[in-house]
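The values are calculated or read from the model by the stated rules, or taken from the named source; none is laboratory data. Bear in mind the structure is a predicted one, so any value in this text is a computation, not a measurement. Every residue, glycine as well, gets a Cβ built from its backbone with ideal geometry; the counts of neighbours run over all protein chains shown. For the accessible areas, the whole protein counts, side chains as well, though only heavy atoms, and no ligand, DNA or RNA atoms are used. Shrake-Rupley method; radii C 1.70, N 1.55, O 1.52, S 1.80 Å.
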Amino acid sequence: MTEIRLHNSRTRRKEAFAPLDAENVRMYVCGPTVYDRAHLGNARPVVVFDVLYRLLRHVYGEDHVTYVRNFTDVDDKINARARAMQEAGDARSLNEIIRALTDETIDWYHADMDALGALRPSHEPRATEFIVQMVAMIEGLIAKGHAYAAEGHVLFDVRSYPNYGKLSGRSVDDMIAGARVEVAPYKRDPMDFVLWKPSSAEEPGWDSPWGRGRPGWHIECSAMSHELLGPAFDIHGGGIDLQFPHHENEIAQSCCAHPEADFANFWLHNEMVQVEGKKMSKSLGNFFTVRDLMTGNSPHGRLSGMTIRLAFLLSHYRSPTDLSGRKVKNSRAILMELCSGLAQLGTKGLKELRLADPLDAVVEKLADDLDTAGALAEIRIRLKHTLGQSVTSDFLSTISTSLQLLGLDLRSIDSTYDLAIARDRENGLVGKYPEALELAKHTLENARKAAKISRDFREVDRIKAILASKDIEVRMSNSGVDLIRTPDFDPSVMDCLI
RNA sequence: GGCGAGUUGGCGGAGUGGUUACGCAGCGGAUUGCAAAUCCGUGUACAGGAGUUCGAUUCUCCUACUCGCCUCCA
């Protein structure tokens with residue numbers, strides 16, 4: 001069996017991964033707070049941990065991996081957004097607005113992440129559906145002397161857990177010396193954090209032994225991972241900015257509530273998405289949503305989900321990455337190259353692609369702490385070596401399956417199809433584009449025929465420019481004209497191509 | 001201020017105590033009405049300093065710089 005090695009934030013070293021139970025490998029990843037479209041920073045961990053999920057499924061079997069990613073649907077930011085909507089004239093009650101807002105945001109999230117080629121996790125629990133478990137866990141923590149109630153709040157007593165700060169490599173005393181902690185009169189120690197807090201009458205709230213209130217942010221992950229994965233599981237993932245305080249607090253809660261277990265074995269953290277060297281974040285306002293990019297509302301024009309995904313895969317997950325123009329350009333070019341590779345045997349070859357074993361070299365690269373860039377290099381170099389050679393359907397199936405392991409299912413996208421038709425034409429076969437594309441092709445061919453005689457190529461250039469502006473690549477040779485829809489082609493412009 | 005991560009050629013990104021992955025971009029050429037695609041050829045790097053060593057980009061220490069966390073954050 002392939003040995004997977006992963007960088008464990010807990011030990012700050014690359015370690016061999018061994019699941020607690022190979023029959024059920026368990027992973028928990030912190031999901032989004034649902035009040036707004038997901039931005040690129042939210043998308044990166046989705047792609048990173050999707051690759052890990054696929055790798056685990058490959059190594060341990062599809063039915064032997066459980067992946068949980070939560071939705072935080074109770075949070076002060078959600079409340080604030082709902083209040084703003086109310087002030088803007090929304091007549092519904094705060095709770096009604098919140099329910100509608102979180103439902104809609106979850107739908108958006110699903111649509112956007114699906115477009116990035118991410119598999120849905122096994123479970124996507126909403127925090128509000130696990131309040132009972134959270135209350136029970138808080139009660140347990142109080143009973144064990146790790147938490148205390150004060151003025152309607154319940155706080156975790158960080159001094160009761162000697163390992164507090166171990167994950168992020170800091171001590172309680174150092175942090176207090178840093179002096180940027182919130183002091184509240186009801187806290188025993190400034191570092192103590194909230195497990196439960198009171199809600200006003202109109203705010204979302206649940207009855208509890210400490211009065212009507214709502215959970216603090218961190219307890220949901222502890223309660224839901226315990227409920228769905230048990231007291232000990234294999235992998236816990238998230239962005240590096242969650243390492244402190246969120247993950248530190250999760251560890252404190254879970255390990256104190258279930259001292260017999262060890263909570264998460266491996267901690268994986270992805271680095272941040274940057275914009276011009278600075279972290280992309282909502283508080284800085286320098287973010288793009290996935291939706292912005294996919295609709296062309298960005299400096300890079302319209303990007304398909306696959307282009308965005310590939311751009312992420314070109315960087316190692318533990319390095320910061322900047323979605324610069326250069327990177328996007330690179331990503332687009334590589335995507336076309338990959339599609340072209342898959343299309344080498346024409347449309348017939350495309351139909352013959354089946355599920356095969358992925359390349360060993362690709363599995364090995366991924367097993368080495370998710371070296372996605374290395375895995376891509378392995379695929380590309382093999383494709384390159386076959387150019388001009390005779391390739392087999394088996395080989396392309398291997399390539400295709402390897403790409404799918406990276407979440408790049410390029411078999412059925414338009415670019416691959418168009419490139420396959422171009423291949424067919426080279427081989428003297430007549431392929432069929434969609435009607436609008438076929439029409440554009442004939443128009444271009446006729447203009448070109450006329451221009452060859454008149455030596456006036458202005459009309460040809462005009463048509464070419466229009467097609468290029470619509471993300472269609474024009475390839476002309478003595479043997480004919482090929483039109484290739486690029487991966488970022490917008491199907492909605494199909495009606496009026498030229 | 002405290003803590004952590006990092007610094008490899010124009011860019012992305014591997015790796016090794018001694019022979020400079022890989023890709024993209026660039027440049028030259030073929031091809032093309034011009035392009036695109038494709039093919040052929042080609043240059044450039046290991047932040048700085050000190051140490052260990054026969055020899056360091058690779059080990060140790062120091063410095064500089066970058067980024068992150070310490071406040072909601074993927």
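Numbers at a glance
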item	result
Point-to-point label distance, residue A:498-residue A:3, nm (Cα→Cβ direction, 7 Å offset)	5.9
The stretch A:148-224 versus the stretch A:378-438: alpha-carbon centroid distance in Å	55
Protection proxy ranking of A:108-116, A:165-173 - average other beta-carbon atoms within 10 Å, highest first	A:108-116, A:165-173
CD proxy at 222 nm, helix term only [per DSSP H run n ≥ 4: -39500 (n - 2.57); per residue of chain A; nearest 500]	-13500 deg cm²/dmol
Inter-probe distance in nm under a simple model that places probes 7 Å from Cα toward Cβ, at residue A:478 and residue A:426	1.6
Those lysines that a straight Cα-Cα span of less than 16 Å connects to residue A:14, excepting residues fewer than 8 apart in one chain	A:365
Accessible heavy-atom area order of A:292, A:456, highest first, probe of 1.4 Å	A:456, A:292
Straight-distance crosslink candidates among aspartates and glutamates, where the alpha carbon sits under 15 Å from residue A:329 and sequence neighbours closer than 8 are dropped	A:337, A:471, A:473, A:488
Net charge, residue A:378 excluded, C-beta distance under 15 Å - Lys, Arg +1, Asp, Glu -1	-2
The stretch A:275-415 - charge dipole about Cα centre, Lys and Arg +1 at Cβ, Asp and Glu -1, debye rounded to 20	600
Accessible area of residue A:6 in the full protein assembly, 1.4 Å probe (Å², nearest 10)	0
Chain lengthening between residue A:200 and residue A:461 when straightened (0.36 nm per residue, less Cα-Cα)	87.4 nm
List A:365, A:351, ordered by accessible area with a 1.4 Å probe, largest first	A:351, A:365
Residues residue A:16 and residue A:348, FRET efficiency given R0 of 56 Å [Cβ-Cβ distance, rounded to 0.05]	0.80
Rotationally averaged projected area of chain A (alpha carbon convex hull; nm²)	27.0
Peptides ranked, highest mean first, by Cβ atoms within 10 Å: ranges A:15-23, A:123-131	A:123-131, A:15-23
Label point distance in nm, residue A:129-residue A:326, each placed 7 Å from Cα along Cα→Cβ	4.5
Residue order for A:54, A:309 - accessible surface, 1.4 angstrom probe, largest first	A:54, A:309
Length added when fully stretched, residue A:292-residue A:23, from 0.36 nm per residue minus Cα-Cα	92.8 nm
Whichever aspartates and glutamates have a C-alpha closer than 16 Å to that of residue A:452, once near sequence neighbours (fewer than 8 apart) are set aside	A:461
Convex hull volume per residue for the stretch A:151-271, taking Cα atoms only, in Å³	131
In Å², nearest 10: area of residue A:324 left accessible to a 1.4 Å probe	50
Dipole moment magnitude, nearest 20 debye, chain A about Cα centre, only Lys, Arg, Asp, Glu C-beta charged	1860
Net charge contributed by nearby residues that have their C-beta within less than 14 Å of residue A:18 (K/R +1, D/E -1)	-3
